[in-house]
Amino acid sequence: MIGRGLRILAGVGLAAAAVSPAIVGSGSVLVPGTPAVAQQEQAKDSLILRDGKTVEGQILEETAATVRMKVIVAGISGETTYSKTDILSIVRAAAPAKPDATKTETPALAAKKPPTPPAPSEPVSDKKKIYVVELTGLFGEDISETPIRNAVKDAGHLGADYIIFKVDNDWSLRRDGELGEIKDDVGKFDQLFRAEKMETIFTEEIPSMQKAPTVVMWVKKAMGGAAFVPFLSHTIYFHSEGKMGGIGHLQNIFGSTGDKVVQEKQFALRLKHAEGKAIEGGYDPIIVDAMARDNTVLSVRFEGGKPILLPREPESPDEILLTNDGTKEENKDSDEALARGEGKNTLTLKADIAYKLGISKGTADTLEDLIFQMGLSRTSEVVKGQADNIMKTWRDGIEEAKRQLPRMYRDARGIAPKTPGGYKERTEARQHQKKIYTDMQQIERRFEEALNPHAIRPQGAPNWNELEELKKALELQQLADKPEKR
Amino acid sequence: MKHSIKALLAGAAMLLATLVPAGRAMADKLHLKDGRVLDGTVIREQDGYVWFKMKVGEVEQEKFFKPSDVEKVDRETTPVGDAKAAPAASDSPAPKMHDGAPRAAIISLGVEDKEMVGQFITADSLDRCIPFLEKEHIDVVVLRINSGGGALLEIQKLSDEIEYKLKPKFRTVAWIEHAISAAAMTAHCMEEIYMMPGASYGACTGWYGQLVAVKGRELDEILYMMEKISARGKHDPQIMRAMQIMDPLSCNIDENGDVKWFQNLNGQYIVNPEERILCFNSQDAMKYKFAKGVAATYEELGKAMGYAEVEWVGKKVPGIPYPVCEAEEAMIKFRNQTDKDQKSLRAYFLEYNGSIQIAQSKPPEERGPFVNKARNALDQIKSMVKNNPNEALFVFNMLPEKFKDWVDEQEERLRKLVKK
């Protein structure tokens, strides 16, 4: 991807050390990367990382899982621990040559610059900080951009190096007022547009944080619109019972309404929106096609352990069918296959197939297991932030809003002037009604990204614009009213 | 500093020339899985990871590719050490069009929830940006597009605005976040289209009501309009055709990277199968040489445009990931006002009609305050149309001239109400 390549290019250009001074601010002239000046005079060890960066310094410790390195830049030293999963190769410096005993000239660089005492090391903790955010509840309501954004800010305040988003959305029929779970093969593709509202948090806001944490997605249940969220990270792990999908049967969403050409336009724009998420995360967009559209045929072959995706039926025994053309009658999934989660009409990613396809980096059932898989067991600590509280407060706030709004509207409509019902009492009654409408608007404004007042059961409530009209009507009534003549 | 169109074209021509493989100095070829073949020099290769030096414009850049990106490497140089010594074809910097770095401005056409063409993306609002751009001595205008489409009738106006007002004065490029339907048709007059990694572009079928397609004479007129607009952007007209109707599209890409398009499936690459409508993602757009580059940030965009240095004009605004220049401030203000007016429209009419009704129920000597209230509401309606002239059509179903007549009638009505 050229976009990411260019970002990495800037890093490569800058990186002679892991800690690179920022050299440009926004709006200023941009110059191709200039290496930071390292003032170590001894030979340097190097780590070549899998993201293309090269880190030079002195290796302090190497374990089975990690390498701890001391880096000095501009006189400031720091220690950083790298997971071996991120390291491509370790290059140890050659042993320094013995000084030449015959040389007597004095003006060597070392003499010109008398040795300075090592700069006091900054209080850098060895341990990487891990911050966990659980995305549970209804996607688009409980899982919404405001609480996610607030949790990310909290993670930033705590100096998190990693944010683990545990995606486990509610895929029950609760939203429809029923019991049970939505079937995995049910498609809720259009929740994509709800997911897009959260996208900038992952693609713009987190990367532009002063200390941008690495985002890790841990999938337990990412169904419907939630299926698009993990694609926004380069790093996905699955729970062993994890699943990611629920966006299938795209070609059926309009039924028989309208002309085919317009339906195809709608499918195309939706698919490409969704493919864009996969591309941003570094995944093959055809995966999204296979998850969404029944007539996407996809197979896989493995070469050297690496998956090669093939947009066709298998042509040899070493090729495995992932999805067939489910629009053909003979290919329609049976109830048995669907019940067992073995349908082939659309792709639902489970832990094993996600791992084989290179989408998931591993399977972990507990946080400790996940941290171990990430290679951070001994070099990290989970920081206790406010994420749980933030998500709960939001969730509770939405529930309370759904209870309050219809009640407030009922109360407002029931307001009548107090006796004797004169001008003063009528004015007070209208002011009281207007205040309730204004309070309702404030609640709706606070939760507007997630709350549809019309959809609140059982009878809904007026939305912000409708409340504005009600207030306008009260103003006009007040204007037309006047005190009784004595 | 302004640039003559000749200077701009000269700069563009040179940029294009240097993107074509320059010869033996960049002797290695990197074949990517997305179909691109890059010319340059392998700096290092390890376990399938490749560090590759290549030129973008006159600027040499080192890029990093993972094994998942790389199909194969055809090497004539030896990496690590030897490759670093390989001379570049030319070390001369890109010719500058004027002294100092070019000044670039970003104008957003559409943001989330305020993105409909014709309502939030209009030729009129774009035209109003030009004095700001000139005042700030802008050389390069980046139209950052994020829209799901909108009114067909605005497309020609927008295209004309870009073609005749912007392009002669500024290097004008499109930077696509999402450009669907009328938004893609708007961008299509620009030769330089850059995509964000998650971008989509296309799906331009005209429709109305319950997914009813535009057909017959009207469709033919729109297809013809887009052929002419494609020519403005130097895009093969078959591309846009496949975005509008279910025509297949394929292409050949020769060893020079030149693309030849076919409105059938006989080409080397099937771009749009039968019975489908074409929409590009960023990978497709690059693979088929439709887009000039992919850029996630404005800094990357500058590099993709071939600039070693560029001054992005504007100030930092929280929540906006690029500098906001004065023209962009004006555009944001226009959108916010349009949005406010849309949401308050019913309230404006309620106030206007309600005030008149109350006034009519009062004796003339008591009508004054109510007529004033009605007049205030009418002023808000007039401001709404002044801010966005298209609202006369969308809201009142009137052409601007007819709307003016309507306003005159209302003002006369109010005058009569207060007459004794």
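Of note:
- Charge context of residue A:429, other residues only, Cβ under 15 angstrom, K/R +1, D/E -1: +3
- Fraction of antiparallel bridges per DSSP, the stretch A:205-331 only, in percent to nearest 5: 55 percent
- Unit Cα scatterers, Debye sum, the stretch A:289-422: log10 I(q)/I(0) for q = 0.11, 0.12, 0.19, 0.21 Å⁻¹: -0.72, -0.78, -1.06, -1.17
- Helix B:326-361 and the longest principal axis of the Cα set of chain B meet at an angle near 20°.
- For chain B, the Rg and Dmax computed from alpha carbons only, in angstrom: 26.3, 98
- Volume per residue of the convex hull around the Cα atoms, evaluated for the stretch B:269-337, comes out as 134 Å³.
- Sparse-neighbourhood loop sites, trypsin sites (Lys or Arg not before Pro) in the stretch A:278-358 - DSSP loop, at most 13 other Cβ within 10 angstrom: A:312, A:328, A:340
- Cross-link pairs B:234/B:315; A:166/A:188; B:167/B:289; A:472/B:382 - those with Cα-Cα distance over 26 Å: B:234/B:315
- The mean of 1/r over all distinct Cα pairs in the stretch A:117-246, once inverted, gives the Kirkwood hydrodynamic radius of 15.8 Å.
- Counting all C-alpha pairs of the stretch A:183-278, share separated by more than 16 Å (%): 60 percent
- Legend: ranking of residues B:106, B:245 from fewest to most surrounding C-beta atoms inside 10 Å; resulting order B:245, B:106.
- Shape box of the stretch A:379-461 [Cα atoms, principal axes, largest first, Å]: 75, 25, 17
- Distant alpha-carbon pairs in the stretch A:204-358 (separation over 21 angstrom), percent: 49 percent
- Charge context of residue A:298, other residues only, Cβ under 14 angstrom, K/R +1, D/E -1: -3
- Based on the Kirkwood approach, the hydrodynamic radius assigned to the stretch A:421-486 is 13.3 Å, with every pair of different Cα atoms included.
- The residues packed around residue B:149, meaning those with a beta-carbon under 10 Å from its beta-carbon, carry a net charge of 0 if Lys and Arg are +1 and Asp and Glu are -1.
- Inter-chain shielding of A:279-285 (mean C-beta neighbours from other protein chains, 10 Å cut-off): 5
- Shown for the stretch A:348-420 is the translational diffusion coefficient from the Stokes-Einstein equation, using the Kirkwood radius over Cα pairs, a temperature of 20 °C and a viscosity of 1.002 mPa s: 123 µm²/s.
- Cα-based Rg and Dmax for the stretch B:193-320, where Dmax is the largest Cα-Cα distance (Å): 17.3, 51
- 10 Å-binned pair-distance histogram of the stretch B:281-420 (Cα, whole percent): 10, 25, 20, 17, 13, 9, 5, 1
- Going from the residue with the fewest nearby Cβ atoms within 10 Å to the one with the most, B:191, B:328, B:255 rank B:255, B:191, B:328.
- Between the stretch B:348-397 and the stretch A:281-314, the alpha-carbon center distance in angstrom: 60 Å
- Going by neighbour counts of Cβ atoms within 10 Å, the residues B:279, B:129, B:251 line up, fewest first, as B:251, B:129, B:279.
- Folded to 0 to 90 degrees: helix B:5-19 orientation relative to chain B principal axis, Cα: 40 degrees
- C-alpha center-to-center spacing [the stretch A:374-449, the stretch B:170-187] in angstrom: 40 Å
Readers should treat all values here as calculations from the given coordinates under stated rules, not as data from a laboratory. Note that this is a predicted model, so its numbers are computed, not measured. Because the Cβ atoms are built from the backbone with ideal geometry, glycine has one as well, and the counts that use them run over all protein chains shown.
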